[in-house]
Structure formats: C-alpha cells, structure tokens
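One structure is given below, encoded as structure tokens.
The values are calculated or read from the model by the stated rules, or taken from the named source; none is laboratory data. All of these numbers come straight from a predicted model, not from anything done at the bench. With ideal geometry, Cβ positions are generated from the backbone for all residues, glycine too; neighbour counts draw on all protein chains shown.
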C-alpha cells in the first residue's frame, strides 16, 4: 500500500510544481508560499478531523513534538527556497535539482537512522545525481 501513496505523492508533487509555476507569475515568492501553506494547513487539519485523529493529540511525546517542529521548520525553509527558485528559474530545471533530496535523504538516513546503504542504493544515488545534473545543465 505504501507504494501507491508514494506514487500519489510523486504525481501530486509534479502537479504542485506546474500549478505553482503558473500561479506564482507576478506574485512575491514568500507570499505565494504563505498562501500555499494556509491551504496545506487547512487541508491537513481537515483530514485530522475527518479521520478523528485529533484524539491522539495529547499522547504526543516531547521528543516527537521537538522533531515534528524541526521537520516543520525544514519544510518551511524548503518551500521558501523552492518557490523562490521556481519564480526565477525554469520548472524543468528547478524540479530535478529539488529532487536531489532523494540522494540527500538516502545519505542522511544512513548516517543518522543507520538504515542500510547497499551497492544498489549507491548506484541509484549516482544515477539520480548524474541525471539531475544532465537535466539541469
């Protein structure tokens, strides 16, 4: 099941890039990010209440709070950078560079989460990085 959600994420991320590039024309990138964020917040809280997940709010540990807040800050920084890059660059060049996050995530998962980093992972990282550079140049 995770595969279908991951594929859905990729499709919606692609739509996000195209829709944002069209919508950001003539709009400050920080303002555009703020508008997008309000929509995401409303949608996320809508899903929380739709699925009755709000009951778990009180059971969130201090560690989880810290890391969820840090993750939110990283997301915000990512979105601000992404929208600025998308505003001044071509989507066909910005998006592949943004997807270097796959390579960076694999490396960080190995270093901090002690996840397995195999020869297959290393070859995949090199191919993704090479493909990104090829597309961006």
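Which condition does residue 25 not pass, out of (1) part of a loop (DSSP other than H, G, I, E, B); (2) touching a residue at least 40 places away in the same chain (Cβ under 8 Å), if it passes all the others?
The single condition residue 25 does not satisfy is (2).
Residue 70 - would you say it is surrounded by 10 or more Cβ atoms within 10 Å (Cβ to Cβ), at pLDDT 95 or above, out of contact with any strand residue (DSSP E or B) (no Cβ under 8 Å at 6 or more places or on another chain) and within 19 Å of residue 101 (Cβ to Cβ)?
Criteria met by residue 70.
Okay, residues lined up against (1) assigned by TED's automatic domain parsing to the domain that holds residue 28; (2) touching a residue at least 12 places away in the same chain (Cβ under 8 Å); (3) farther than 29 Å from residue 33 by Cα:
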residue	(1), (2), (3)
72	yes, no, no
108	no, no, no
115	no, no, yes
123	no, no, yes
133	no, no, no
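Just checking, which of 40, 48, 11 is without any contact (Cβ under 8 Å) to a residue 12 or more places away in the chain, outside the structural domain of residue 132 (by TED's automatic domain parsing) and over 14 Å from the mean Cα position of the chain (by Cα)?
48
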